[in-house]
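Taking it in order: structure first as structure tokens, then the write-up.
The values are calculated or read from the model by the stated rules, or taken from the named source; none is laboratory data. Values in this document were obtained by computation on a predicted structure and should not be read as measured data. Please note: Cβ atoms are built from the backbone with ideal geometry, for glycine as well, and neighbour counts cover all protein chains shown.
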Amino acid sequence: MESVVSFGLALLLAPLFPGVILKTKALFAGKQGPPLLIKYFTLIKLLRKGSVYSSSTTFVFRLGPLISCAAAIMALLFFPFAGTAPLIAFHGDVIMVFYLLGLGRFFTIVAALDTASPFEGMGAAREAFFSTLAEAAIFVVLILFFRMNGALSLAAYFSGSQPISIIGSQGALLLLVIVALFMILLTENSRVPVDDPATHLELTMIHEVMILDHSGPDLALIELGAFYKLFFYASFIACLIKPPPLADPVANTLLFYGVIMLLYMVVGVVESIMARLKMDLVPKYILTAFALVFFAVILTLEIV
Amino acid sequence: MDILFAALLLVLAGGLAPLALHRWLSAAKVAHVSLVAAGCLTGLYGVYAAWGQSTPVLFSYSWLHSLTWSLSLDSLATAFLPPIFLLAPVIALYSYDYLDAAEHAWRTAVNHFFFSLLVAAMVLVTLADNMAAFAMAWELMSLSSYALVLYDYESEETQRAAHLYLLFTQTGALLVFAAFGLLAQSTGSLAFAQIHLAPETAKTAAFFLALIGFGSKAGVFPLHIWLPHAHPAAPSHVSALMSGVMIKMGVYGILRLYFLLNDFNPLFARTVLVLGMVSGVLGVVYALSKREIKRLLAYSSIENIGVIFIGCGLGMVGLSSGNRIMAAFGFAGGLLHVLNHALFKSLLFMGAGAILHTVGARKMDQLGGLMKTMPVTGRTFLAGSVAISGLPPFNGFVSEFLIYYAAFQGLGLQGPDFLLSMAAIIALALIGGLAAGCFTKVVGIVFLGEPRREHAHAATDPGPTMGAAMTLLAVACLGIGLWPEPFIRFAFAGLRDLAPLAAVPADVLGAVPHNLAVIARVFVGLLLALTALRRLLYRGKPVSQNTTWGCGFTQATSRIQYTGASYSLSIVDFHRPFIKTTTKFAALARIFPGATQYSRKVEDLAEIGLHRLLVRPVLKIADKLRWIQHGHIQLYIGYIVLTIAGLLLVV
């Protein structure tokens with residue numbers, strides 16, 4: 001029951017936090033910014049509309065939003081929000097999670113190519129390239145976590161006798177991991193400095209340009225999937241930096257969402273003070289994250 | 001075993017009947033398909049019947065009192081037989097509509113004959129229990145597949161590809177037989193059962209010789225050179241059989257020899273694992289860079305052989321370091337990937353064949369928008385692409401998951417084995433991402449978007465048997481993904497008779513297959529629920545059609561679409577030192593530039609290396625020795641006399 005509630009809460013609250021990013025950015029720009037609930041309003045607006053489909057597209061174009069949203073929801077099913085046991089957990093589930101997210105990406109890419117638009121093709125090519133590198137970096141994180149507590153499951157990482165946490169005995173290593181995971185979060189969720197969700201120029205976009213032709217409820221599904229995916233990565237990092245769980249489940253949950261709020265604010269700060277990288281620098285950026293985690297793995301050779 | 005012989009006879013009859021009936025082409029084809037299917041179903045039943053028996057079934061036959069043929073059906077053979085028996089009838093079904101040229105009736109009949117021969121030869125390779133039987137079956141397999149590649153024998157390109165294949169397969173066989181010779185010399189017997197008695201040095205030498213030989217059949221990097229030439233040249237059903245099933249015989253050979261040697265040298269394990277990683281990553285990078293569908297698929301086979309090698313290599317590392325769970329998962333993952341790859345690679349080659357058959361274009365950048373005109377081909381190809389990218393809920397994920405599982409087990413090891421396990425995980429992750437990139441490219445460029453040339457408009461779905469074959473395989477790919485339990489158990493059962501793995505606890509699998517099944521089904525359920533929700537959301541809403549948003553540009557033509565080359569450019573360039581690209585582009589000059597050209601060529605590093613290190617020196621030496629060939633017959637006889645005299649003196 002507890003698991004269902006925490007999963008439901010995550011589904012419900014995930015669209016709130018991107019509003020936090022916008023608010024933070026507005027603060028930096030000295031503007032009032034959109035209301036905090038802006039993303040909910042956007043979703044409702046989109047759900048009320050119809051759609052215009054390109055005559056070039058096929059059923060694959062309509063399948064893209066469905067699969068990317070379903071994959072993101074699946075990823076949340078495995079996640080122990082605020083320490084409550086997730087709905088599904090088994091040894092090896094992280095591999096499944098990242099492959100499901102890969103499936104979502106596969107269909108986002110083919111849906112983009114379905115429109116016959118050169119811009120969307122460009123975005124698709126970039127997405128395919130950058131996400132491959134990011135995936136390799138993520139698997140190094142999994143290797144490190146396996147070295148640290150022998151688990152291969154999201155639930156088991158953050159529970160049991162040796163939870164992976166910054167206050168644990170191997171916290172120093174996790175500093176590297178947190179930085180790297182944050183860099184991957186920015187990459188995988190198309191944020192600055194890899195991608196700019198707010199730019200006006202299609203040529204420079206990655207994710208936004210791939211969904212140019214989607215509209216109405218289809219676009220709402222894509223947006224929702226993107227919120228869940230960002231929420232998944234943010235929760236991952238939040239579990240690493242969160243202080244030890246409190247006895248009261250409500251206080252614990254509040255603490256967890258507080259940490260997440262903080263993370264989204266950091267994303268907002270990064271977006272406000274950084275420009276996006278040139279496209280050819282992005283691989284180097286992702287490989288920096290890879291190198292950081294790899295270095296952490298090498299350090300475990302001595303510790304364990 | 002008797003059932004299997006009956007199966008072989010039926011399959012062979014399916015090859016001979018078309019030769020007799022070639023005047024009535026349809027009758028010949030019907031006879032071929034039905035007899036092959038009957039034979040393969042009988043064979044499957046035979047495998048199933050043998051599955052329950054705890055000891056291997058043996059058979060031996062003495063020929064001319066000097067050569068003994070012995071066959072045995074143990075668990076490793078039962079793991080490799082189902083891909084053959086499952087794929088052969090489906091591919092035969094596909095060939096019914098694919099080989100429809102009435103003017104080539106005799107050629108079709110001959111093709112059917114060699115097809116049956118190849119199927120029978122592969123079955124015999126897996127059954128062989130001594131060197132003589134294995135060598136015979138192996139040669140039969142190589143020669144019949146050579147004849148199959150030569151279907152279009154008038155074309156010079158086909159001839160060259162076939163000769164290259166023959167060269168590779170015969171050199172490979174030479175090395176395998178050399179390995180057998182070494183072992184037979186030190187044990188004094190041709191029987192497989194005696195091999196483990198050979199001394200250490202003979203074993204090591206034999207393993208590496210055979211690894212090169214079998215590796216060139218399997219198409220592992222850098223011994224893969226024949227694959228990307230032979231597959232585009234061969235008819236598509238032949239490519240499907242060769243790439244889906246035949247190259248796995250190389251994997252079978254390595255596994256069989258490894259277990260017969262019974263020598264768990266860490267060097268063997270590490271070599272196989274490193275070969276797998278190199279082959280997997282470079283295979284998929286080269287696949288990304290290719291422009292012809294069938295050539296791309298050939299490189300993708302090299303990648304998948306790499307994945308299978310990673311699985312087997314992890315299994316071997318597990319054995320040499322005493323981690324039996326890792327060993328079991330590694331080998332089982334490899335074995336399951338053999339079956340899975342057979343299914344989706346045959347499916348993809350059939351799709352490529354359907355396009356060739358109806359549109360006639362080989363290059364991806366000339367196609368586009370085929371999903372609308374070829375719905376069956378497009379949908380099944382999409383299913384195959386998701387499966388080959390190793391994504392859930394399809395079958396490719398199941399076997400890759402088992403291999404990941406083994407690799408993570410390996411992280412508990414020390415020293416180089418730990419590093420290799422870690423490298424294997426990173427390599428698998430990279431391969432997964434790149435394969436997804438590669439197959440989004442094929443699906444996106446060939447089937448989606450707008451047609452890039454006129455002829456792509458005229459495409460239609462191919463004949464019903466081709467569509468049926470592709471649908472069957474696509475359903476099988478999804479089926480294994482949704483119901484993986486029996487198939488995972490099948491792969492683990494393949495390890496049953498292998499002595500070193502006998503100590504693996506029976507419950508090693510635990511809930512793994514069940515969990516995979518549940519997640520795949522939950523995902524499909526969620527997807528269906530979302531689809532229903534979407535339908536509900538769209539009820540009563542205005543839905544209209546318009547052109548694609550051109551970012552303000554209104555006169556878009558289909559030529560401004562992203563091409564396959566542009567899609568893969570940056571990924572390929574990222575792997576620069578391992579892949580050689582030459583770009584020819586005259587930069588635009590002046591304010592009103594004239595016509596310009598852009599061309600880009602990707603060369604295979606292994607091919608360049610082979611040319612530089614082997615072909616050129618050999619040609620050079622041969623050139624220097626030209627004076628030996630002078631045309632005087634009496635001197636030639638003199639050479640013979642001198643050689644014999646020399647041999648008599650020395651030996």
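Could you list, ordered by first residue, the pairs with Cβ atoms under 8 Å in which the first is in the range B:444-466 and surrounded by 15 or more Cβ atoms within 10 Å (Cβ to Cβ) and the second is assigned to a helix (DSSP H, G or I) and of a type in the set (D, E), at least 6 apart or interchain?
From the range B:444-466, the pairs are B:I445/B:D365; B:R452/B:D365; B:P462/B:D97; B:G463/B:D97; B:T465/B:D97; B:M466/B:D97.
Being more than 30 Å from B:D97 (Cα to Cα) and either assigned by TED's automatic domain parsing to the domain that holds B:A491 or not in a loop (DSSP other than H, G, I, E, B) (or both): is that true of B:L4 here?
Spelling it out, it is not the case that B:L4 is more than 30 Å from B:D97 (Cα to Cα) and either assigned by TED's automatic domain parsing to the domain that holds B:A491 or not in a loop (DSSP other than H, G, I, E, B) (or both).
Given the condition more than 9 Å from chain A (Cβ to nearest Cβ), within 17 Å of B:L339 (Cα to Cα) and assigned to a helix (DSSP H, G or I), answer yes or no: does some residue in the range B:505-515 qualify?
yes
Got at least one residue in the range A:231-238 being in contact (Cβ under 8 Å) with a residue 60 or more places away in the chain and surrounded by fewer than 19 Cβ atoms within 10 Å (Cβ to Cβ)?
No, the conditions are met nowhere in the range A:231-238.
Quick one: which helices (runs of 4 or more DSSP H) lie wholly within the range A:187-304 and hold at least 3 residues that are in contact with an Asp or Glu (Cβ under 8 Å, 6 or more places away or on another chain)?
Hits in the range A:187-304: A:207-210.
Quickly run through the range B:220-272 and pick out the residues that are in contact with a His (Cβ under 8 Å, 6 or more places away or on another chain) and surrounded by fewer than 24 Cβ atoms within 10 Å (Cβ to Cβ).
Of everything in the range B:220-272, those that are in contact with a His (Cβ under 8 Å, 6 or more places away or on another chain) and surrounded by fewer than 24 Cβ atoms within 10 Å (Cβ to Cβ) turn out to be B:L260, B:L261, B:N262, B:D263.
Is it the case that the range A:174-181 has a residue that's within 8 Å of another protein chain (Cβ to nearest Cβ), in a helix (DSSP H, G or I) and not aromatic (F, W, Y)?
So far as the range A:174-181 goes, no, none of its residues is within 8 Å of another protein chain (Cβ to nearest Cβ), in a helix (DSSP H, G or I) and not aromatic (F, W, Y).
Within the set of pairs 6 or more residues apart or between chains, which connect a residue that is of a type outside the set (S, T, Y) inside the range B:545-559 to a residue that is surrounded by 11 or more Cβ atoms within 10 Å (Cβ to Cβ) and not in a loop (DSSP other than H, G, I, E, B) with Cβ atoms less than 7 Å apart?
B:Q545/A:Y53; B:N546/A:V52; B:N546/A:S54; B:C551/A:F119; B:C551/A:E202
Per-residue answers, yes or no, for (1) within 20 Å of A:Y233 (Cα to Cα); (2) more than 9 Å from chain B (Cβ to nearest Cβ); (3) touching a residue at least 40 places away in the same chain (Cβ under 8 Å):
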{"position": "A:A26", "(1), (2), (3)": "no, yes, no"}
{"position": "A:A82", "(1), (2), (3)": "yes, yes, yes"}
{"position": "A:D93", "(1), (2), (3)": "yes, no, yes"}
{"position": "A:M96", "(1), (2), (3)": "yes, no, no"}
{"position": "A:T108", "(1), (2), (3)": "yes, yes, yes"}
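Which residues, counting only those in the range B:547-582, are more than 20 Å from B:C438 (Cα to Cα), in contact with a strand residue (DSSP E or B) (Cβ under 7 Å, 6 or more places away or on another chain) and surrounded by 11 or more Cβ atoms within 10 Å (Cβ to Cβ)?
Passing the criteria: B:T547, B:T548.
Here are the criteria: (1) of a type outside the set (K, R); (2) touching a Leu at 6+ places or on another chain (Cβ under 6 Å); (3) part of a helix (DSSP H, G or I); (4) surrounded by fewer than 24 Cβ atoms within 10 Å (Cβ to Cβ). Tell me which single one A:P65 does not satisfy.
Answer for A:P65: the failing condition is (4).
Residue check: is B:Q545 within 10 Å of chain A (Cβ to nearest Cβ) and either out of contact with any Asp or Glu (no Cβ under 8 Å at 6 or more places or on another chain) or among the hydrophobic types (A, V, I, L, M, F, W, C) (or both)?
yes
I'd like to know if the range A:28-42 contains one or more residues that are under 19 Å from A:G225 (Cα atoms), over 20 Å from the mean Cα position of the chain (by Cα) and within 14 Å of another protein chain (Cβ to nearest Cβ).
no
Suppose we keep only residues that are surrounded by 24 or more Cβ atoms within 10 Å (Cβ to Cβ) and of a type in the set (V, I, T) within the range B:426-442. Which one would you say is nearest to A:F59 (Cα to Cα)?
B:T440
For B:L164, are the conditions met, namely being hydrophobic (A, V, I, L, M, F, W, C), assigned to a helix (DSSP H, G or I) and free of Cβ contacts under 8 Å to residues at least 24 places away in the same chain?
No, not satisfied.
Which condition from (1) more than 7 Å from every other protein chain (Cβ to nearest Cβ); (2) touching a Leu at 6+ places or on another chain (Cβ under 7 Å); (3) crowded, with 19+ Cβ neighbours inside 10 Å is the one that B:R521 breaks?
Checking B:R521 against (1) more than 7 Å from every other protein chain (Cβ to nearest Cβ); (2) touching a Leu at 6+ places or on another chain (Cβ under 7 Å); (3) crowded, with 19+ Cβ neighbours inside 10 Å, the one that fails is (3).
Each row is one residue, and each column tells you yes or no for (1) within 14 Å of chain A (Cβ to nearest Cβ); (2) in contact (Cβ under 8 Å) with a residue 60 or more places away in the chain; (3) buried (at least 24 other Cβ atoms within 10 Å of the Cβ).
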position	(1), (2), (3)
B:G313	no, yes, yes
B:I325	yes, yes, no
B:A328	no, yes, yes
B:K345	no, yes, yes
B:Q366	no, yes, no
B:G369	yes, yes, yes
B:T377	yes, yes, yes
B:F381	yes, yes, yes
B:I403	yes, yes, yes
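Considering only the range B:548-602, state which residues are of a type in the set (F, W, Y) and within 10 Å of chain A (Cβ to nearest Cβ).
Correct list: B:W549, B:F553, B:Y562, B:Y567, B:F574.
Consider B:V30 against the criteria (1) over 29 Å from B:A499 (Cα atoms); (2) exposed (fewer than 15 other Cβ atoms within 10 Å of the Cβ); (3) of a type outside the set (G, A, S): it satisfies all of them except one. Which criterion is unmet?
Unmet for B:V30, out of (1) over 29 Å from B:A499 (Cα atoms); (2) exposed (fewer than 15 other Cβ atoms within 10 Å of the Cβ); (3) of a type outside the set (G, A, S): (2).
Please go through the range B:280-306 and pick out each residue that is touching an Asp or Glu at 6+ places or on another chain (Cβ under 7 Å) and either surrounded by 24 or more Cβ atoms within 10 Å (Cβ to Cβ) or not basic (K, R) (or both).
Result: B:G280, B:G283, B:V284, B:Y286, B:A287.
Specify which of the listed residues (B:P577, B:P617) is part of a helix (DSSP H, G or I) and not assigned by TED's automatic domain parsing to the domain that holds B:I431.
Testing whether each residue is part of a helix (DSSP H, G or I) and not assigned by TED's automatic domain parsing to the domain that holds B:I431 leaves just B:P617.
Of (1) on the phi > 0 side of the Ramachandran plot; (2) in a helix (DSSP H, G or I); (3) not polar (S, T, N, Q), B:K624 satisfies all except one. Which?
In the conditions (1) on the phi > 0 side of the Ramachandran plot; (2) in a helix (DSSP H, G or I); (3) not polar (S, T, N, Q), B:K624 misses (1) alone.
Please enumerate the residues belonging to the range A:42-60 that are part of a helix (DSSP H, G or I) and closer than 13 Å to A:P217 by Cα.
A:T42, A:L43, A:I44, A:K45, A:L46, A:L47, A:R48
Kindly list the number of the only condition in (1) under 17 Å from the mean Cα position of the chain (by Cα); (2) within 30 Å of A:S117 (Cβ to Cβ); (3) not hydroxyl-bearing (S, T, Y) that fails for A:L203.
The number of the failed condition is (1).
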